[in-house]
Amino acid sequence: MKSFKPKTNLPKPILPQVAGGQSLKLIPLGGVGDVTKNMYVYEYGNDIILVDCGVGFPDEGMPGVDLVIPDISYLRDKKEKIRGILITHGHEDHIGGLPYLWPELQVPIYTQKLTAGFIRAKFTEHNLPKEKINELKITDTLELGVFKISFYQVSHSIPDSTGIVIRTPVGTIIHQADFKIDWTPVSGQVTDVGAVASLGEEGVLLMMLDCLRVEKPGFNKSEKSIESSFEKAGLETPGKLLITMTSSNVSRMQQAINVAEKAGRKVAIVGRSFENNFQVARDLGYLDIPPGIVVAPDAINSFAGEKMLILIAGAQGQAESSLSRAANEDHRFVKLKEGDSVVFSADPIPSTESAQSALIDKLSRIGVNVYYSAITSDLHVSGHAALEELRLMVNLAKAKFLFPIGGTFKHMRAFSKMAQDLGYAQQNVLLPEDGDILEVRADSIKLTGRVEVQNVYVDGLGVGDVGHVILRDRTRLSEEGLVVVVVTVDQHSGKLTSDVDIISRGFVFEEMAKEIMDEARDLVKKSVEKHANKSPDWRFLRKVIEDELGKFLYSQTERRPLVLPVIVEN
């Protein structure tokens with residue numbers, strides 16, 4: 001039996017506010033000063049609720065790391081107080097941390113239908129039980145300890161995105177993660193500005209608000225404008241049309257499928273994250289798929305290039321992605337050539353700009369026509385509110401205090417300036433950091449302390465085709481040791497110009513050392529020779545060496561050292 005009771009979503013009066021009594025603790029564990037890794041703690045007395053549980057993505061200074069997740073050290077001795085996790089929507093930076101952190105917390109999860117489907121798919125992949133994933137309607141309300149929870153619909157780049165209303169003993173809080181104002185969304189889900197206005201009339205103590213696009217003047221274009229851009233790219237492409245985007249952008253998937261149907265192209269879905277999300281959205285009725293249009297990846301080469309549209313993972317330039325493998329001629333099914341086109345329908349998130357740029361350059365070198373935002377403005381519409389949309393929401397909510405979330409500090413500062421232009425006092429726009437403890441009362445919000453938070457790293461180690469994922473922080477990595485692989489190559493051809501040098505620290509082979517080192521060198525040589533060509537991609541080659549050598553060393557020693565490839569151009 002589900003632990004929530006569906007009720008009407010009519011506005012409720014504000015709960016009695018406790019003046020001079022107990023305060024609410026609000027602690028961001030991620031998502032402040034950073035676009036990703038969203039997680040927020042609301043604590044009152046013996047009750048805690050969490051909002052979102054996302055992942056971040058490693059930068060080039062995090063070798064061997066696949067994902068970064070929030071640090072939940074603060075919660076470990078308070079698990080019996082946690083009444084549930086509320087999820088705003090289904091993007092990775094809001095749900096991706098659940099498979100790694102939920103097993104430790106074991107608390108109910110509450111979210112809308114599509115997001116629940118994505119989470120179930122993740123739990124299935126990680127062999128986790130799914131009984132505590134509770135699927136809600138937008139009109140459902142919850143009582144989680146002292147917290148009274150309701151929801152309202154918003155537009156975003158994924159269906160079933162919500163704003164969360166948290167009624168607490170000190171006042172009403174609106175937690176509004178990613179959203180925009182789109183009056184003609186592909187999903188038909190329009191932001192419920194009426195609900196926000198009603199809350200504003202009741203009285204709102206604090207509004208948490210997505211601030212990522214505050215520097216963008218005016219309003220965003222409608223998501224529907226993307227379809228004509230896809231259609232134009234298709235008409236200009238005599239070969240295969242590849243479109244890459246955020247793998248959970250269901251609305252954009254639908255538009256690509258619409259274009260394929262009009263043009264008589266078959267559609268293939270390539271990349272595990274894309275395939276999983278596509279299947280969930282299709283099964284739950286969020287995609288309208290014409291019969292016979294979707295083909296398996298291994299059937300791509302059975303059709304002429306002009307008859308194929310491929311939705312492919314890798315929009316952020318990830319070295320291990322399907323698009324990166326295709327660009328480096330290492331994908332089993334996707335073979336690129338002149339006359340093909342790749343459309344990047346996603347802007348890079350902070351920390352991935354250089355990776356996406358390098359991939360675009362690699363594709364351009366092999367003769368593929370590449371469409372991306374810097375040269376074609378209509379390929380991506382942000383899912384995040386621009387300046388005028390933010391002003392509208394702030395004016396409707398009329399909150400006493402504002403807290404910009406989901407952006408870097410430059411976005412938070414810009415949001416504060418916007419709010420001050422609307423009449424807010426500077427001290428009423430909160431600019432905390434991850435780990436800061438905010439004491440929220442009916443008439444004040446103060447910084448009263450700090451909990452220590454640090455990046456926690458996820459290192460994925462593949463086992464067959466399934467993938468067994470382990471969680472290790474830096475201490476664990478240091479205990480396993482370090483292996484540095486120095487490869488000297490010709491900068492033009494990518495071929496080896498000297499022998500491979502392998503240096504290890506804290507990684508003991510004992511009597512087997514020489515034999516394993518020799519085999520490891522041969523393995524690296526073969527990897528370099530396989531990927532040597534006239535336009536070498538060093539990022540991709542480093543990733544190949546890291547993955548293949550890591551698996552080999554584990555198979556020989558059952559240890560997982562940090563493998564650090566160093567490529568020296570000669």
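The values are calculated or read from the model by the stated rules, or taken from the named source; none is laboratory data. As the structure is a computational prediction, the values presented were derived from the model and not from experiment. Cβ coordinates were reconstructed from backbone atoms using ideal geometry, including for glycine residues, and neighbour counts include every protein chain displayed.
Are any residues in region 231-253 buried (at least 24 other Cβ atoms within 10 Å of the Cβ) and assigned to a helix (DSSP H, G or I), and if so, which ones?
Val250, Ser251, Arg252, Met253 - these are the residues of region 231-253 that are buried (at least 24 other Cβ atoms within 10 Å of the Cβ) and assigned to a helix (DSSP H, G or I).
Any idea which residue in region 169-194 is farthest from the chain's Cα centre (by Cα), counting only those that are touching a residue at least 60 places away in the same chain (Cβ under 8 Å) and not in a loop (DSSP other than H, G, I, E, B)?
My answer is Gly171.
Does region 389-401 include one or more residues that are small (Gly, Ala, Ser) and assigned by TED's automatic domain parsing to the domain that holds Asp182?
Checking region 389-401: at least one residue is small (Gly, Ala, Ser) and assigned by TED's automatic domain parsing to the domain that holds Asp182.
Quick one: in region 184-227, of everything that is more than 26 Å from Ala281 (Cα to Cα) and among the small types (Gly, Ala, Ser), which residue is surrounded by the most Cβ atoms within 10 Å (Cβ to Cβ)?
Among those that are more than 26 Å from Ala281 (Cα to Cα) and among the small types (Gly, Ala, Ser), it is Ala195.
Does Ser416 meet the test of being within 30 Å of Val170 (Cα to Cα), in a helix (DSSP H, G or I) and over 23 Å from the mean Cα position of the chain (by Cα)?
Here the answer is yes, as Ser416 does meet what is asked.
Among the listed residues Ile158, Ile166, identify the single one that is aliphatic (A, V, I, L, M), touching a His at 6+ places or on another chain (Cβ under 8 Å) and not in a strand (DSSP E or B).
Exactly one residue qualifies, and that residue is Ile158.
Going through region 254-265 one residue at a time, which ones are surrounded by fewer than 18 Cβ atoms within 10 Å (Cβ to Cβ) and either in contact with a Pro (Cβ under 7 Å, 6 or more places away or on another chain) or of a type in the set (Lys, Arg) (or both)?
Glu261, Lys262 - these are the residues of region 254-265 that are surrounded by fewer than 18 Cβ atoms within 10 Å (Cβ to Cβ) and either in contact with a Pro (Cβ under 7 Å, 6 or more places away or on another chain) or of a type in the set (Lys, Arg) (or both).
Quick check, is Val486 surrounded by 15 or more Cβ atoms within 10 Å (Cβ to Cβ) and modelled with pLDDT under 75?
No; evaluated as a whole, the condition is false for this residue.
Would you pick out the residues in region 298-344 that are more than 28 Å from Gly56 (Cα to Cα) and basic (Lys, Arg)?
Lys307, Arg332, Lys335, Lys337
Can you find a residue that is farther than 30 Å from Pro561 by Cα, of a type in the set (D, E, K, R) and in the same structural domain as Asp210 (by TED's automatic domain parsing) anywhere in region 111-127?
yes
Can you pull out every residue in region 45-61 that is in a strand (DSSP E or B) and at pLDDT below 95?
Hit for region 45-61 is Gly56, nothing else.
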